[in-house]
Amino acid sequence: MPEALDSTPYDALLLLSFGGPEGPDDVVPFLENVTKGRGIPKERLKEVGQHYFLFGGVSPINDQNRALLDALRKDFADHGLDLPVYWGNRNWAPYLTDTLRELVNDGHRRILTLATSAYASYSGCRQYRENLAESLDALEAEGLELPRIDKLRHYFNHPGFVRPMIDGVLQSLAQLPEDVRESAHLDFTTHSIPTAAADTSGTVEEHGDGGAYVKQHLDVARLIADAVAEETGVADRPWQLVYQSRSGAPHIPWLEPDICDHLEERHEAGVPAVVMVPIGFVSDHMEVLYDLDTEATAKAAELGLPVARSATVGADPRFAAAIRDLVLERAGSERGEDVRPCALGSLGPSHDLCPVGCCPARTPKPAAAGADSPYA
């Protein structure tokens, strides 16, 4: 038997994700949840939902979260970490409030949260914290004893997140025709967000053009590009951070260039091939399957530009091991131990506790698991 690992004071881990429809009848109600309060007509949601209908009305994200749950539970058991893992979503079943109620009824009072977003931003961090606060409010209204909830730090530069993506790029390069392999460019992709949200991402000290959101992605891209250069022997391979999945009003500035526009530019510049590397996504969910595997791949075929798309980390055992490492790191820190966080690149480990002013919302709302949390 492995030596028991100590996760105290924490007694449960919550996997917190976005959620997605699991059948055609779920698509519009799911999109209504996502866009709640924006007044978007149902007919418009049906148009947006065509991406899901192309895949039978099923988003792959829930099955991918189930696979990650299995990987986490196996890793924890194999390494003697006795910490139950629960799963809740922001926008579809299992809903976050229901899962937190289950956690409380099961007797859990100190909960660590793993969000399926690796980087700092409003939509990738604070909005999850706002959802936690809303769910805690709901439980309080039911008269339940509220647990204390903390959130694992951003893991964008943890080796267990970065190394699987390096291997994915190497495998994708090997899939390209041999005559273009060494001269292929790398396009690192992530979700575009409004430039105003990017500029205020991260701590107040990091606010500026692109904020922590862009800075963190660039650091990961550089780590991967440098490792690929070393392992392929191809130095100075061109790479760029590009964006995908824009969904906002046309008059609002969002991060650019868009991946499809960038592929056109690369083709016009004579680039022989491209590997698309979705570093901004934890798993191959709809934004990857549609925006890259369908839309961007079709654009590349139209241009006659060879492309390959590398894998996300998904339920890779090394990622599960990274989460175990992060859990033990945070638990040790909470116990007052001298902890040495593991991080690659130039930025170092992220903060454990989101400070006041970090990734602010346009309309201020209470957020749990941060320095400004209304909950102890």
Whole Å is fine, so just give me how far the alpha carbon centre of the stretch 261-291 lies from that of the stretch 305-376. 26
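Two decimals, Cα atoms only, Kirkwood Rh: what is Rg/Rh over the chain? Each step should come with its number before you reach the end.
On the way: Rg = 20.7 Å, Rh = 21.6 Å.
Rg/Rh for the chain comes to 0.96.
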Net charge, Gly332 excluded, C-beta distance under 12 Å - Lys, Arg +1, Asp, Glu -1: -4
GNM flexibility winner over the chain from Pro366, Pro306, Pro250 (Cα, springs under 10 Å): Pro250
Over the chain, give the accessible area per residue in Å² for a 1.4 Å probe, as an integer. 43
In the stretch 324-360, the trypsin sites (Lys or Arg not before Pro) that sit in a DSSP loop and have at most 14 other Cβ atoms within 10 Å of their own Cβ are Arg335
When the Kirkwood hydrodynamic radius is evaluated over all pairs of different C-alpha atoms of the stretch 73-231, what value in angstrom, to one decimal, is obtained? 18.5
Note down the relative contact order for the chain as a percent, whole number, built from C-alpha pairs under 8 angstrom at least six residues apart. 23
Over the stretch 173-215, what is the relative contact order in whole percent, taking alpha-carbon pairs under 8 Å and six or more residues apart? 24
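Probe radius 1.4 Å, ligands and nucleic acids ignored: give me the carbon and sulfur share of the accessible area of the chain as a rounded percent. Can you show the working numbers first?
Working: 8240 of 16320 Å².
Of all accessible area on the chain, carbon and sulfur atoms account for 50 percent.
Please give the calculated 222 nm ellipticity per residue for the chain, where each DSSP H segment of at least 4 residues contributes -39500 (n - 2.57) and the sum is spread over every residue; nearest 500 deg cm²/dmol?
Numbers: 13 runs with 145 residues, N = 376.
-11500 deg cm²/dmol, from helical runs alone.
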Report the label-to-label distance for Arg148 and Ala4 in nanometres (one decimal), using points 7 Å from each Cα along the Cα→Cβ vector. 2.1
Rounded accessible area of Phe18 (nearest 10 Å², 1.4 Å probe): 60
Positive-end extreme of charge dipole, the chain - chosen from Val275, Pro84, Leu139 (charges on Cβ): Leu139
Assigned charges on the beta-carbon of Lys, Arg, Asp, Glu; the chain dipole about Cα centre (debye): 640
Once all Cα-Cα distances of the stretch 80-153 are split into 5 Å bins that start at 0, what whole-number percent is in each one? 3, 15, 27, 27, 17, 8, 3, 0
If every alpha-carbon in the stretch 1-156 counts as one equal scatterer, what log10 I(q)/I(0) does Debye give at q = 0.10 1/Å? -0.41
Report the Cα-based extents of the stretch 278-376 along its three principal axes, largest first, to the nearest Å. 57, 37, 25
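If R0 is 30 Å, what FRET efficiency do you get for Val204 and Ala249 from their C-beta distance, rounded to 0.05? Numbers along the way, then the final one.
Details: r = 27 Å, r/R0 = 0.91.
The pair Val204/Ala249 has a calculated efficiency of 0.65.
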Once the Cα atoms of helix 61-78 and of the chain are each reduced to a long axis, what angle between those two axes, in degrees from 0 to 90 to the nearest 10, is obtained? 60
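The values are calculated or read from the model by the stated rules, or taken from the named source; none is laboratory data. Treat the numbers as computed from the prediction; the structure is a model and nothing was measured. A quick note on method: Cβ atoms are made from the backbone with ideal geometry, for glycine too, and the neighbour counts reach across all protein chains shown. Ligands, DNA and RNA are excluded from the accessible area calculation, which covers all protein heavy atoms including side chains. Shrake-Rupley method; radii C 1.70, N 1.55, O 1.52, S 1.80 Å.
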